[in-house]
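**Student:** Handing you a structure now.
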Amino acid sequence: MFEKILIANRGDVALRIHRACREMGIKTVAVHSTADAGAMHVRLADESVCIGPPPARDSYLNIPAILSAATITGADAIHPGVGFLSENADFAEIIAEHGLTFIGPKPEHIRLMGDKIAARRTAAELGLPCVPGSEAEVTSLDEAAAVADGIGYPVLIKAAAGGGGRGMKIARGPENLAEAVTMARTEAQAAFGSGAVYIERYLSGPRHIELQMIGDSHGTVVHLGERDCSLQRRHQKVLEETPSPALNDHERTRIGERAVAAMRACGYESLGTIEFLYENGEFYFIEMNTRLQVEHPITEMVTGIDLVCEQIRVASGNRLGFTQDQLTFSGHSIECRINAEDPHRFTPSPGLVTAYHAPGGLGVRVDSALYAGYEVPAQYDSLVAKLVVHGSNRNECLLRLRRALDEFVIENIATTVPLHQKLTQAPGFINGEYDIHWLEHVFLGSDG
Ligand code: ADP
């Protein structure tokens with residue numbers, strides 16, 4: 001087992017990993033930008049190293065600085081967390097070249113799934129159904145028109161290197177196609193440095209259902225059930241729950257078995273999430289995230305498995321601590337993503353937190369690096385807390401969630417707590433019948 005892990009991340013994710021390490025008796029090294037000198041992940045770690053100025057490209061994305069920090073402190077492994085370098089195959093390779101362990105999948109799997117066109121092809125080869133669409137990059141308008149005619153409008157133009165819901169444009173009919181392709185390409189080039197795009201049929205009312213997978217280096221692969229992440233704004237998740245109100249046990253078992261077979265066939269190791277759209281009883285693969293997910297706590301709440309501990313254990317060459325048959329799923333869990341944003345206009349709201357009180361009590365977990373006196377920096381993602389609630393069934397979970405939201409105090413900055421308070425009272429959420437468009441088009445009443 002590792003003795004010391006460098007955590008190449010910040011905020012609640014860095015804290016989450018630190019907590020797992022501490023419970024496993026592993027020392028931690030925090031890295032931080034100058035903007036985060038007083039941050040909670042820095043305060044709690046055994047050691048800390050400043051790796052650069054506030055912009056992420058100069059600090060949390062600065063590979064030489066992170067590697068130097070690992071060498072100086074004698075860390076034997078690096079956990080990349082979520083975002084930043086977590087899906088950077090070059091980073092994983094360089095770490096290995098320096099004799100350290102990257103806590104994540106093999107670089108070839110990161111690279112493969114990072115190219116969404118290659119990921120679609122691989123998923124299909126592994127027996128996972130994909131959204132109907134182009135088999136390769138679409139390089140000309142004529143090609144785009146031929147693909148779109150073949151699958152039928154509306155279609156979605158997507159960036160091969162896409163992430164975070166960017167580089168995605170809808171063409172409702174042939175008359176919008178040229179504009180959608182050009183816009184998607186331009187946005188993708190600017191955001192990801194690659195203008196490569198592909199086309200999928202735009203599904204009119206699917207749910208986003210993803211499966212949590214984990215594999216070890218001894219050939220064992222297990223799935224830990226699904227998460228329903230259909231509540232989205234601008235293709236970004238707002239609230240997640242498990243189990244999905246839309247699935248029955250038969251469907252759950254069927255897709256779980258297919259996903260396990262696919263991951264076993266490709267020798268997948270570490271944590272990974274296979275994302276599907278689900279419509280009219282059918283699953284369609286859209287992408288795979290080769291890392292820990294923001295919404296992983298809801299899976300932990302219903303399985304009792306510490307996913308980060310397991311991820312660290314398998315990275316050090318140990319076998320998974322459980323088999324598929326030993327897993328039991330209990331009750332219901334919901335996560336609310338609390339962002340430092342105006343709850344109506346969604347504009348960022350960084351600044352000083354003058355008072356902070358997190359909810360508690362049975363079945364309530366808050367993953368956050370906030371404290372009273374903390375200044376939320378303007379440079380990073382606006383997610384400042386995850387409120388995660390567990391109940392013996394969905395109704396109990398919902399009642400507990402409302403109670404917990406009412407207890408949350410974060411003063412002097414705007415947060416999305418009021419949005420979640422309203423959302424958890426909305427009939428469309430309470431009855432569980434929402435799809436990926438519902439939050440934006442019905443609940444928020446806009447076209448996004
Ligand atoms: P990203 O990597 O940017 O997150 P994804 O491919 O995971 O992109 O898609 C993000 C979200 O966009 C999905 O959860 C879904 O809401 C929407 N989406 C993606 N593909 C389609 C599709 N073919 N039809 C309808 N909505 C889609």
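**Student:** How large is Rg over Rh for the stretch 358-445, taking Rg from the Cα atoms and Rh as the Kirkwood inverse mean of 1/r across Cα pairs? Display every interim value, and only then the final one.
**Tutor:** Working: Rg = 14.4 Å, Rh = 14.5 Å.
We get a ratio of 0.99 for the stretch 358-445.
**Student:** Still on this structure, I have one more. Measure up 27/106; 169/237; 116/386; 116/158; 237/386 against 20 Å on the Cα-Cα distance and list the ones that go over. Let's see the in-between values first.
**Tutor:** Values: 27/106 24 Å; 169/237 18 Å; 116/386 28 Å; 116/158 9 Å; 237/386 12 Å.
Result: 27/106; 116/386 exceed 20 Å.
**Student:** How far apart, in nanometres, would the label points at residue 253 and residue 323 be if each is projected 7 angstrom from Cα along the Cα-to-Cβ direction?
**Tutor:** 1.7 nm
**Student:** Tell me, rounded to the nearest percent, the portion of alpha carbon pairs in the stretch 1-100 spaced more than 16 Å apart.
**Tutor:** 49 percent
**Student:** Take residue 175 and residue 409, extend 7 Å from each Cα along the Cα→Cβ direction, and tell me the distance between the two endpoints in nm.
**Tutor:** Going from the residue 175 label point to the residue 409 one covers 5.7 nm.
**Student:** Within the set of other residues whose C-beta is less than 10 Å from the C-beta of residue 289, count the net charge using Lys and Arg as +1 and Asp and Glu as -1.
**Tutor:** Counting the neighbours of residue 289, the net charge comes to -3.
**Student:** Suppose we keep just the DSSP beta bridges with both residues in the chain; what percent of those would be antiparallel, to 5?
**Tutor:** DSSP beta bridges in the chain are roughly 80 percent antiparallel.
**Student:** With the chain treated as a Gaussian network of Cα nodes joined by springs under 10 Å, which of 295, 97, 375 yields the largest mean-square fluctuation?
**Tutor:** Largest GNM mean-square fluctuation: 97.
**Student:** Let me know the shape class of the stretch 34-154, please: from the alpha-carbon gyration tensor, a ≥ b ≥ c as square roots of the eigenvalues, rounded when a/c is under 1.5, otherwise prolate if a/b is greater than b/c, or oblate.
**Tutor:** prolate
**Student:** Would the stretch 166-268 count as rounded, prolate or oblate if I go by the C-alpha gyration tensor, calling it rounded below 1.5 in a/c and otherwise prolate when a/b exceeds b/c, oblate otherwise? It would help to have the intermediate numbers written out before the result.
**Tutor:** On the way: a/c = 2.45, a/b = 1.68, b/c = 1.46.
Prolate, since a/c reaches 1.5 and a/b exceeds b/c.
**Student:** Separation of the stretch 296-322 and the stretch 110-175 by C-alpha centroid, Å?
**Tutor:** 33 Å
**Student:** Still on this structure, please answer the following. Among 41, 344, 18, which one shows the biggest mean-square fluctuation in a GNM of the chain, springs joining Cα atoms closer than 10 Å?
**Tutor:** Checking each option, the largest mean-square fluctuation is seen for 344.
**Student:** All other residues with a Cβ under 13 Å from the Cβ of residue 98 taken together, and with Lys, Arg as +1 and Asp, Glu as -1, what is their net charge? Don't skip to the end; give the middle numbers.
**Tutor:** On the way: positive: none; negative: 76, 90, 93, 97.
Counting the neighbours of residue 98, the net charge comes to -4.
**Student:** For a quick size check, give me the Cα extents of the chain along its three principal axes, largest first, whole Å.
**Tutor:** Computed over the Cα atoms, the extents are 59, 50, 46 Å.
**Student:** When only C-alpha pairs under 8 Å and at least 6 residues apart count, what is the relative contact order of the chain, in percent?
**Tutor:** Averaging sequence separation for qualifying contacts and normalising by length gives 14 percent for the chain.
**Student:** For the stretch 199-248, treating each Cα as an identical point scatterer without solvent, what Debye log10 I(q)/I(0) comes out at q = 0.12, 0.25, 0.27, 0.31 1/Å?
**Tutor:** So the normalised log intensities work out to -0.37, -0.96, -1.03, -1.16.
**Student:** Rolling a 1.4 angstrom probe over the protein heavy atoms, how many square angstrom per residue are accessible across the stretch 306-367?
**Tutor:** Here the per-residue accessible area is 45 Å².
**Student:** Also, quick follow-up: Taking the chain as a Gaussian network, Cα atoms linked when under 10 Å apart, which of 24, 168, 213 shows the biggest mean-square fluctuation?
**Tutor:** Greatest mean-square fluctuation among the candidates belongs to 24.
**Student:** Hey, what's the Cα Rg ratio for the stretch 223-337 versus the globular rule of thumb, 2.2 N^0.38 Å?
**Tutor:** 1.05
**Student:** Here is a follow-up. Find the accessible area per residue for the stretch 99-178; the probe is 1.4 Å, ligands and nucleic acids are left out, and the unit is Å². Walk me through the numbers before you get to the answer.
**Tutor:** Working: 3440 Å² over 80 residues.
So the stretch 99-178 comes to 43 Å² accessible per residue, rounded to a whole number.
**Student:** Shifting gears a bit: Going through the DSSP H helices of the chain, which span 18 Å or more along their own axis at the Cα atoms while scoring at least -0.5 as a mean Kyte-Doolittle hydropathy?
**Tutor:** Numbers: long enough: 11-23 (19 Å, -0.42); 174-192 (27 Å, -0.08); 249-265 (24 Å, -0.88); 394-407 (20 Å, -0.89).
Membrane-span-like by this rule: 11-23, 174-192.
**Student:** Now a separate question. Measure off, as a whole percent, the carbon and sulfur share of the 1.4 Å-probe accessible area of the chain, all protein chains present.
**Tutor:** Values: 8680 of 17570 Å².
The computed percentage sits at 49.
The values are calculated or read from the model by the stated rules, or taken from the named source; none is laboratory data. All values derive from a computational prediction rather than experimental measurement. Virtual Cβ from ideal backbone geometry, glycine too; neighbours counted across all protein chains shown. Just the protein is used for accessible areas: all its heavy atoms, side chains included, with ligands, DNA and RNA removed. Shrake-Rupley method; radii C 1.70, N 1.55, O 1.52, S 1.80 Å.
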